[in-house]
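First the structure, in the form of structure tokens, and then the observations on it.
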């Protein structure tokens, strides 16, 4: 590729075309009325770009927490709660070891996605498109969009189920799906990027209910330690499906794209508006990103651990081996909240759903726009980038339609986790290869430790997916 073509490509991927040039968005090019030319920067952004004031000490630590913490918390969305609740109620403590096992693998994958974004200055979709065959990347992104959209629908149903639970089922779940969707679409369209992230940080607090409950239920310590440290495996379809669901909802494809896009958006918020400004990461910036990711992934896996522990101690130990409804899953929190357990469970489902649905639809939008070389980010106004926001709205609208099929949200969440487990392996192969490419990453390529963990994560996900396929194939006697 010539230097001129490389420069044109970089300019095409910058999110701030020169003011007064023809409008870049495909929808605005073909739909009237609407702006015909690109606006000035202050008109394009939802809020002014202000580099954050550098704090010190403990304040600096909390300032560093951002994309990694939010990504980790969003992983414990209603899909995660539903999956872990079913696993704990059905298999007891036997899958507790998975949270300790997945933590280093999950952290390594998220660190790699963040490092790619921080060093290249672009999101994962753009980086993959430049390096890998277009058809292959396109197939992965199509699968990602489908999985995310199903997950959005399931999470919408779960949030509605939480709202219905608060009314003691006086208000039907289906009545709440559309209001929840309108609230989320309004948040995505009209709230500034900085405010969205502040809201996301507060919503992560809803997940601590399971940690507190896990302490209060006084589980069998010896059994818990044994199950935590000694992996237990069983070669049957239900167990393998549960294992794939746990891995799929923990190491989820949408997290890869969201992590990378969030890092790029934070750089934009700090005033680095073009790819050239963002390219190349300092070691100090990389260290801060790693701290953020380690804290976020640790938090995610701790919550996962305590959801399985709590449902195992409260439900499985008393013969309730299939949490198939919101009411049944809420019983796990009874030791903490007593007869008001449904309130705590509903608050957790609503809080984590409101956190996860924008991230699911947002990561799909980022992946699609990066693949097609379009403009758009959560920090810009929707009427200048309707194509980007349209992908998010489309994902939510399809999610609403899925709820009209009256699918049980708890069961649907488990199924979407299995789908994620099947989609992840091929995408992970592409990401790991990208992170090891010196032409792309320069001196920030993956070291031996990172390569070992990320390839291990890829192999584990692939093995789990293949094992599930094998168990689904009918065998003759």
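Each reported figure results from applying straightforward, stated rules to the coordinates on display, with no laboratory input. Because the structure is predicted, anything quoted here is derived from the model rather than measured. Glycine also receives a Cβ, built like all others from the backbone with ideal geometry; neighbour counts cover every protein chain displayed.
Highest first, please rank the peptides 146-152, 92-98, 277-283, 211-217 by the mean number of other Cβ atoms sitting within 10 Å of their residues.
Highest mean packing first, the order is 146-152, 92-98, 211-217, 277-283.
If you stretched the chain out fully between residue 270 and residue 41, how much longer would it get, using 0.36 nm times the residue separation minus the C-alpha to C-alpha distance?
Details: separation 229, 0.36 × 229 = 82.44 nm, distance 1.38 nm.
Between residue 270 and residue 41, full extension yields 81.1 nm more.
Give me the extension gain from residue 404 to residue 235: residue separation times 0.36 nm, minus the current Cα-Cα distance, reported in nm with one decimal.
Extra length available between residue 404 and residue 235 comes to 57.3 nm.
Calculate the spin-label point distance for residue 168 paired with residue 291, positioning each point 7 Å from the Cα along the beta-carbon direction, and give it in nanometres.
4.9
Test of understanding: ordering 389, 210, 84, 384 by Cβ neighbours within 10 Å, fewest first, what list do you get?
Fewest-to-most Cβ neighbours within 10 Å comes out as 384, 389, 210, 84.
Sort the following peptides by mean Cβ neighbour count (other Cβ atoms within 10 Å, averaged over residues), highest first: 263-276, 288-301, 435-448.
Highest-to-lowest ranking by the protection proxy: 288-301, 263-276, 435-448.
Taking R0 as 22 Å, what FRET efficiency do you get between residue 18 and residue 189 from their Cβ-Cβ distance, rounded to the nearest 0.05?
It comes to 0.30.
Sort 134, 311, 83 by Cβ crowding within 10 Å, fewest neighbours at the top.
Sorted ascending by nearby Cβ count, the order is 134, 83, 311.
Give me 28, 156 sorted ascending by neighbouring Cβ count inside 10 Å, so fewest comes first.
28, 156
Please work out the Cα center distance from the stretch 148-178 to the stretch 253-320, rounded to the nearest Å.
Cα centres, the stretch 148-178 to the stretch 253-320: 26 Å.
State the three equivalent ellipsoid semi-axes of the stretch 54-472, derived from the C-alpha gyration tensor as the square roots of 5 times its eigenvalues, in descending order and whole Å.
The three semi-axes for the stretch 54-472 are 32, 24, 20 Å.
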